[in-house]
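Have a look at the structure below, then the notes.
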């Protein structure tokens, strides 16, 4: 894309509106000045820009054309126009990789270093949506490097928050927490309260995933103290949900149920995605309380709603519903249910529930001594964990496989996985 110089803009506007240089003459704007502007020998000053914009807009109005020319447009350089063009493109939530490639080319051509940093952020978000978390992290780190090099440290709070989110979605919660803490520091230093607020929610969620329940509760209370229920409605609902899951971890299921029942009073839309989340968790709580009838009721409500409005989260409900079937000792039905949940988790690249489903299958096959299927599940879990680079979890699975092979007197296989486990020390 070509961006015009000031002189090229004036000449092009004259041609579009069929205006002669003489028609643009006004106080302190001579034909000679206009000629020098068009040939690039003089810049447009603010006063000259105002006069020329008035003339062009008057002529456009006569021709019933809406142009809204202003002095700022006439005074901007091609690099400044390129920057505005790129930044406007980057505001689009549905921006594509090809558009970002175009922006990178313009940033290179016009030396738009800040645009390049924002373009990296935009590209990182695309890969995040595609669940390519490692790629998204690598790209965001390039943005971080630029901001550090040009001294725009006020951007780092946001960048570190996003790096934390990418790691959390890749189940690297310890790394996510480190990034969130860095984000909190920079947000506090530079007064980025919006990012600080979002990051507090994310931090609480990662503490919960790490089973650091008291820290999660403390952090979620900090979030709720700065959260605006109306403005931050989505995070408000999920934050209350994190609080409920913390109580669940402590075995306080009635407290958790009270929170979910309170949240139901905050939702007026009977097709809200939040209802699926709440019904699902109520199903879990009643399952833990051994009220299986009530549990199944809520799981079915969650499943029906998610099938209609958000299939990407359907695997959560289907896999967790299997807990009710297991409590009824319906083993075959539970296995089929989990396998269906895993199918949906694969379709939507939901790593957390791919692992959760396979771990549940592993427990079932171990309990019923089905070593053939247990081996398949362990190998599947290993491939999934390798993507998260979580050596502790990988070591645990290697050890469990080794024990399984030892019990089957497969000594060579046992030694192989013990050796793999040892290498992770």
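Using C-alpha pairs under 8 Å with a sequence gap of at least 6, the mean separation divided by the residue count of segment 131-181 gives a relative contact order of 36 percent.
Above 27 Å, the calculated P(r) of the chain contains 66 percent of its Cα-Cα pairs.
Here segment 23-158 is treated as a sphere whose radius is the Kirkwood value from Cα pairs; by Stokes-Einstein at 4 °C and 1.567 mPa s it diffuses with a coefficient of 73 µm²/s. Multiplying each eigenvalue of the alpha-carbon gyration tensor of segment 6-76 by 5 and taking the square root yields semi-axes of 18, 12, 11 Å, largest first, rounded to whole angstroms. Taking the longest Cα principal axis of the chain as reference, the axis of helix 292-309 is set at about 30 degrees.
For a footprinting-style exposure proxy, rank 219, 195 by other Cβ within 10 Å, fewest first.
195, 219
Counting beta carbons within 10 Å around each of 421, 98 and listing the fewest first gives the order 98, 421.
All Cα-Cα separations within segment 247-392 were binned at 10 Å from zero, giving a P(r) of 12, 37, 35, 15, 2, each value a whole percent of the pairs.
Distance between the C-alpha centres of segment 18-82 and segment 340-393: 67 Å, rounded to the whole angstrom. Here the Gaussian network model covers the chain, with springs between Cα atoms less than 10 Å apart; of 79, 143, 244, 79 fluctuates the most. Segment 285-334 and segment 161-186 have Cα centres spaced 31 Å apart. Helix 113-129 sits at what angle to the longest principal axis of the chain, using alpha carbons and giving 0 to 90 degrees rounded to 10? The helix 113-129 is inclined about 30 degrees to the chain. Highest GNM mean-square fluctuation among 305, 74, 263, for the chain modelled with Cα contacts below 10 Å: 74.
Ordering 3, 299 from the fewest to the most neighbouring beta carbons within 10 Å gives 3, 299. Stretching the chain fully between residue 309 and residue 23 yields a gain of 96.9 nm (0.36 nm per residue, less the alpha carbon separation). Relative to the longest principal axis of the Cα atoms of the chain, helix 173-190 runs at roughly 40 degrees. Volume of the convex hull of segment 152-266 (Cα atoms only), normalised per residue: 91 Å³.
Site pair residue 12 and residue 114 shows an inter-label distance of 2.3 nm when each label is modelled 7 Å from Cα along Cα→Cβ. Structure remark: mean-square fluctuation, Gaussian network model of the chain, C-alpha springs under 10 Å; the largest value among 94, 169, 232 belongs to 94. For segment 151-171, backbone nitrogen atoms closer than 19 Å to the point 7 Å from residue 87 Cα along Cα-to-C-beta are found at 151-159.
Here, each number is a calculation from the coordinates, and none is a lab measurement. It should be emphasised that the depicted structure is a prediction, and the values quoted were computed from it without experimental measurement. Cβ atoms come from the backbone with ideal geometry, glycine included; neighbour counts cover every protein chain shown.
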